[in-house]
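Here is the structure we will look at, set down as structure tokens.
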Amino acid sequence: MKLCAPPLRLLLVEDDVDVAAGIGDYLGSHGVAVDFAYNAAQARARLQAQPFDLAVLDVNLPDQNGMALCRSLKREGGMRAPVLFLTARGSLDDKLAAFAAGAVDYMVKPFAPAELLARARAITAHVAHAGGLQLRVGAYVLDIQRHLLQRDDESLPLHGTGLVLMRELMEASPGAVSRQLLCERLWQGEPPDSDPLRMHVYQLRRHCLRAFGVPLIANVRGVGYRFSAEATDAPA
């Protein structure tokens, strides 16, 4: 007899009942078990009552800001489920605040339901495979939930842009990640003026160099960047 894996269990925290119903119908038709919360208080109650594989949060909730909710659940409530933000707020500051609050992914409305499903499956598959939301490359471990890059007893706290960049580079290792893809990940393909990616990579290299004695990010000429334990302290 063939054994079937249990369905992905998702908590959708969305105060617009019609929007929530539409998302729930689509995900449900693709085998996802969806529970609903329409405000922060309901979300807390649902999360305390049963475990979920993923929580999808809106930012603009009627009783508490979704980012504050995420932060308190992660740091005070001990919630282990990864969080994906699904919101109309699409500025870089909003995205960085969400990652700093403990989110692992961020989507901006309007969105394609198929993309939400794909991201939900990718996040939960990664958690199941790693036994937790961690990435390992050689001696280095990126703990995404704790916002830490670790090597033996040494660690470097990462938040916002640094966490996003390091995650992309370690996921692609030993391959390189193009500048275009990194800009798309951070700014939806519309970076601010000047060369912000170069600046953020430079700052992240400095932090890694101080923490581990190695900058960890190598410049791949004409392509972008890659994670490298042998990277030299050269301009990014």
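The values are calculated or read from the model by the stated rules, or taken from the named source; none is laboratory data. Everything quoted here is computed from the prediction, not taken from an experiment. Neighbour counts are summed over all protein chains in view; Cβ atoms, including those assigned to glycine, are modelled from backbone coordinates with ideal geometry. Remember, those area values only see protein heavy atoms, side chains included, never the ligands or the DNA or RNA. Shrake-Rupley method; radii C 1.70, N 1.55, O 1.52, S 1.80 Å.
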Sorted peptide list for 220-228, 50-58, criterion being average Cβ within 10 angstrom, highest first: 50-58, 220-228
Under-5 Å amide H pairs with Leu8, H placed in peptide plane, nonlocal only: Ala33
Farthest towards the positive end of the dipole of the chain, among Thr232, Val32, Leu149 and with Cβ unit charges of +1 on Lys and Arg and -1 on Asp and Glu, lies the Cα of Thr232
Starting at 0 and stepping by 5 Å, how many percent of the alpha carbon pairs of the stretch 1-76 end up in each bin? 3, 16, 26, 23, 16, 8, 4, 2, 1, 0
Short version: ³J(HN,Hα) in whole Hz for each residue of the stretch 139-150, in order, from phi by Karplus 6.51 cos²θ - 1.76 cosθ + 1.60 (θ = phi - 60°), x for Gly and Pro, what are they? 8, 9, 10, 9, 8, 6, 5, 8, 6, 10, 9, 10
Linear extension gain, Glu230 paired with Asn39, 0.36 nm per residue minus alpha-carbon span: 64.0 nm
Net charge dipole size for the chain [Lys, Arg +1 and Asp, Glu -1 on Cβ; Debye, nearest 20]: 620
How many percent of the accessible area of the chain is carbon or sulfur, using a 1.4 Å probe? 52
Work out, step by step, the length gained on full extension between Arg9 and Gln50: first 0.36 nm times the residue separation, then minus their alpha carbon distance; give nm to one decimal. 13.8 nm
Under 5 Å between amide hydrogens, which residues at least 5 positions from Met79 or on another chain qualify, with H placed 1.01 Å from N in the peptide plane? Lys74
In debye, nearest 20, what is the charge dipole magnitude of the stretch 1-76 about its Cα centre with +1 on Lys and Arg Cβ and -1 on Asp and Glu Cβ, if you could check? 480
Restricting to the chain, compute how many DSSP beta bridges are antiparallel as a %, nearest 5. 55
Could you go through the stretch 176-182 in sequence order and give the Karplus-derived ³J(HN,Hα) for each residue, using 6.51 cos²θ - 1.76 cosθ + 1.60 with θ = phi - 60°, rounded to whole Hz, and x for Gly and Pro? 9, 10, 6, 4, 4, 5, 5
Compute the accessible area per residue over the stretch 18-163, keeping the other protein chains in place, probe 1.4 Å, unit Å². 45
